[in-house]
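Below: the structure, in structure tokens.
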Amino acid sequence: MIRIGILALQGAFVEHAAILKQLGADTFEIRQRKDADQEMDGLVLPGGESTTMGKLLKDLDLHEPLKQKIEQGLPVLGTCAGLILLAKDIEGREDGHFKTMDVTVRRNAYGRQLGSFVTTAPFQGNPLEMVFIRAPYIASYGDEVDVLATVDDRVVAARQGQMIGTAFHPELSADPTVHALFLSIIKKEDASD
Ligand code: GLN
């Protein structure tokens, strides 16, 4: 059975677990160092507040082990703040977090009025409900990055190899498309072992 570790410092980690379970995967929560050392086939970085999460990751000694696993090819799904954790660059900031995905993100990118909204837009060509909560978007990206979805010409979901980042919260909609894509990446990796 596929086993997914979900970073559980903040945010909607319970909802991620529910969808992954519904799709037949097993999940566990990552709260402290010993959790990060467990065997896992994939990692979910949920939403929250990326600056706080980044600080907690370091304080709890989770930053290095998780970064190493992602760099070694562990499939990862980062949603909203989770995408910011993956991004190589954050506009207006010198430092970043894991910096494993070749994207530049703009935080809180939709302004105050549009801080939170729900819309439907094509994800890999099929309509998907997307819940945005003080979300970032991907302002620019490197050659290895494939765009999965845009809203108003702004990139809101992308993939680079085994990493998926979404600006929206797929765990807050009933549609399991994004999590199913994530699990399919893991299954393909298994098959090629
Ligand atoms: N605005 C948050 C940040 O910059 C992200 C919001 C979210 O994850 N819903 O970290």
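Every residue in segment 130-155 that is open to solvent by 20 Å² or more (accessible area, probe 1.4 Å), among the β-branched types (Val, Ile, Thr) and away from the ligand (no atom under 16 Å from the Cβ), please.
Selection gives Val147, Thr150.
State the number of residues belonging to segment 70-89 that are in a helix (DSSP H, G or I) and surrounded by fewer than 24 Cβ atoms within 10 Å (Cβ to Cβ).
Within segment 70-89, residues that are in a helix (DSSP H, G or I) and surrounded by fewer than 24 Cβ atoms within 10 Å (Cβ to Cβ) number 2.
Anything in segment 144-190 that is assigned to a helix (DSSP H, G or I), at pLDDT below 95 and farther than 16 Å from Gly24 by Cβ? List them, or say none.
The one that is assigned to a helix (DSSP H, G or I), at pLDDT below 95 and farther than 16 Å from Gly24 by Cβ: Glu189.
Would a scan of segment 99-120 turn up a residue that is under 15 Å from the mean Cα position of the chain (by Cα), modelled with pLDDT of 95 or more, within 18 Å of Leu77 (Cα to Cα) and of a type in the set (S, T, N, Q)?
yes
Those residues that are over 13 Å from Phe13 (Cα atoms) and within 16 Å of the ligand (Cβ to nearest atom), I need them from segment 64-87; list them, please.
Across segment 64-87, the qualifying residues are Val76, Leu83, Ile84, Leu85, Leu86, Ala87.
Inside segment 9-35, can you point out the residues that are over 16 Å from Ala180 (Cα atoms), buried (at least 20 other Cβ atoms within 10 Å of the Cβ) and touching a Lys or Arg at 6+ places or on another chain (Cβ under 8 Å)?
Correct list: Leu9 only.
Do you know which residues across segment 36-69 are of a type in the set (Ser, Thr, Tyr) and open to solvent by less than 20 Å² (accessible area, probe 1.4 Å)?
Ser50
The values are calculated or read from the model by the stated rules, or taken from the named source; none is laboratory data. Given the structure is predicted, the values throughout are model-derived calculations rather than measurements. When we count neighbours, we look across all protein chains shown, and the Cβ atoms used for this are built from the backbone with ideal geometry, even at glycine. All accessible areas refer to the heavy atoms of the entire protein, side chains included, with ligands and DNA or RNA removed. Shrake-Rupley method; radii C 1.70, N 1.55, O 1.52, S 1.80 Å.
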